[in-house]
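Notes follow once the structure below has been shown.
The values are calculated or read from the model by the stated rules, or taken from the named source; none is laboratory data. Bear in mind that the values here come from a model prediction, so they are computed numbers and not experimental data. Cβ placement follows ideal geometry from the backbone for every residue including glycine, while neighbour counts extend to all protein chains displayed.
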Amino acid sequence: MIKIEPTNYDKFILDGQLALESYNDLTGKNTDLINEYYDLLKEYRSRSSKTLSDKEKVINKLIYVIEKIGMDNFNIYEDGMEYNLIKRG
């Protein structure tokens, strides 16, 4: 389970976007899931002011996407994340 502190939400949102952009879905089975996240992110970014609730909604969707794609595809840190270019075996 991924636990993100509210003080790190902005960094995780940015890192999550970068990690998902780096993720290469060769099967195409996660395309709709990732696009749903990007749609939510686009809506979030279009808001002039963002509440904690808005950020939590984006973070929760990001966590959901990461868990569905597979945690082994990402390196998760206390203050950020990145795409795991070389999966650990």
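Conditions (1) loosely packed, with under 11 Cβ neighbours inside 10 Å; (2) without any contact (Cβ under 8 Å) to a residue 24 or more places away in the chain, marked per residue:
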| residue | (1), (2) |
| --- | --- |
| K3 | yes, yes |
| D10 | no, no |
| I13 | no, no |
| A19 | no, no |
| N24 | yes, yes |
| K29 | yes, yes |
| D32 | yes, yes |
| D39 | no, yes |
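Every residue in region 64-81 that is part of a strand (DSSP E or B) and over 11 Å from the mean Cα position of the chain (by Cα), please. So that I can check it myself, show each step before the final result.
Keep residues of region 64-81 that are part of a strand (DSSP E or B), which gives 74-77, 80-81.
Within region 64-81, N75, Y77 qualify.
Of the residues in region 40-65, how many are under 13 Å from D10 (Cα atoms) and of a type in the set (K, R)? Qualifying residue count for the region: 4.
Taken together, the residues in region 14-63 that are at pLDDT 95 or above, part of a helix (DSSP H, G or I) and of a type in the set (S, T, Y) amount to 5.
Being free of Cβ contacts under 8 Å to residues at least 40 places away in the same chain, of a type in the set (G, A, S) and surrounded by 10 or more Cβ atoms within 10 Å (Cβ to Cβ) is the requirement here; does G80 meet it? It would help to see each step written out before you state the result.
Working: free of Cβ contacts under 8 Å to residues at least 40 places away in the same chain: no; of a type in the set (G, A, S): yes; surrounded by 10 or more Cβ atoms within 10 Å (Cβ to Cβ): yes.
Considered against the rule, which asks whether it is free of Cβ contacts under 8 Å to residues at least 40 places away in the same chain, of a type in the set (G, A, S) and surrounded by 10 or more Cβ atoms within 10 Å (Cβ to Cβ), G80 comes out as no.
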